[in-house]
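All of the numbers you see were taken from the coordinates with simple rules; none came from a lab. Computed from a predicted structure; not experimentally measured. Counting neighbours? That spans all protein chains shown, and the Cβs are built from the backbone with ideal geometry, glycine included.
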Amino acid sequence: MEDRLSLLSNRVGFVFVLMYVLTLSGCAVTTPSQYYLLSPVKEKTETSVPDADKLHIIGVGPIKFPKYLNRSPIVRFSGENKVEVDEFNRWAEPLEQNFSHVMRINLTRLVASSYALEYPWKRMMKVQYQVILEVHQFGAQADNNVKLYAHWAILNLSKNKKIEIVRKFKYSRKLDTVNYQTIVAEQSRALGKLSQDIAKEMQRLMDR
């Protein structure tokens with residue numbers, strides 16, 4: 001009889017402890033996640049619509065990203081070989097996809113008489129030039145520098161994918177104020193600068 005009472009008492013005590021823990025966890029304040037997107041370069045105030053037969057179609061992609069970067073939480077370096085993954089500051093869409101979206105918009109805005117498409121595109125679309133990229137580094141470093149390192153090339157699809165240009169791109173700028181909003185804003189500027197470099201070479205090819 002005493003054994004049964006002792007067992008019952010232990011069970012009752014366990015239930016009360018469990019209820020107390022659940023109550024505490026229910027009262028805990030959960031920090032809401034913040035979501036971010038890269039932004040494109042500003043559109044020119046005066047734009048003219050080119051004739052359809054004079055419109056150059058640019059294909060953007062494929063774009064290759066390191067696996068450690070292509071995830072929802074934003075990744076930043078906290079040491080030479082150490083990264084931090086922030087679960088409460090996240091990309092609103094996969095970074096590789098967002099990067100591609102913004103580059104497409106940038107090139108459409110920066111290259112005259114052009115329209116850019118994202119990879120993969122339909123065969124019926126007569127893409128003349130294709131931009132392919134491999135991103136090696138993109139984000140904030142331990143020293144508060146935001147960096148973008150990439151290799152890119154332009155292929156001429158009207159000439160059996162002839163490689164017209166191959167370039168290396170390096171961007172680094174130190175932030176005075178460091179938070180995720182300023183980091184993402186600087187990443188957008190870095191992508192804008194890369195897009196400008198590509199657009200300059202693309203325009204040269206189209207004008208020759």
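What GluC sites (Glu not before Pro) does region 47-126 have in DSSP loop regions with at most 16 other beta carbons within 10 Å? Kindly include the intermediate steps, with their values, before the conclusion.
Working: sites: Glu80, Glu84, Glu87, Glu96, Glu118; in loops: Glu80.
Answer in residue order: Glu80.
Of the listed pairs Lys64/Lys126; Lys126/Lys174; Lys122/Lys174; Lys122/Lys159; Lys82/Lys200, which have alpha-carbon separations greater than 30 Å here? Let's see the in-between values first.
Details: Lys64/Lys126 23 Å; Lys126/Lys174 41 Å; Lys122/Lys174 41 Å; Lys122/Lys159 19 Å; Lys82/Lys200 36 Å.
Listed pairs above 30 Å: Lys126/Lys174; Lys122/Lys174; Lys82/Lys200.
So who's got an amide H within less than 5 Å of the one on Gln137, skipping anything under 5 residues away but keeping other chains? H placed 1.01 Å off N, in plane.
Answer set, sorted by chain and number: Tyr149.
Once amide H atoms are built 1.01 Å from N in the peptide plane, which residues 5 or more positions from Glu118, or in another chain, come under 5 Å H to H?
Placed amide hydrogens put Val60 under 5 Å from Glu118.
With θ taken as phi - 60° and the coefficients 6.51, -1.76 and 1.60, list the Karplus ³J(HN,Hα) couplings across region 70-80 in order, rounded to whole Hz; mark glycine and proline as x.
For region 70-80, the Karplus curve yields 7, 9, 5, x, 6, 10, 9, 7, 10, x, 4 Hz.
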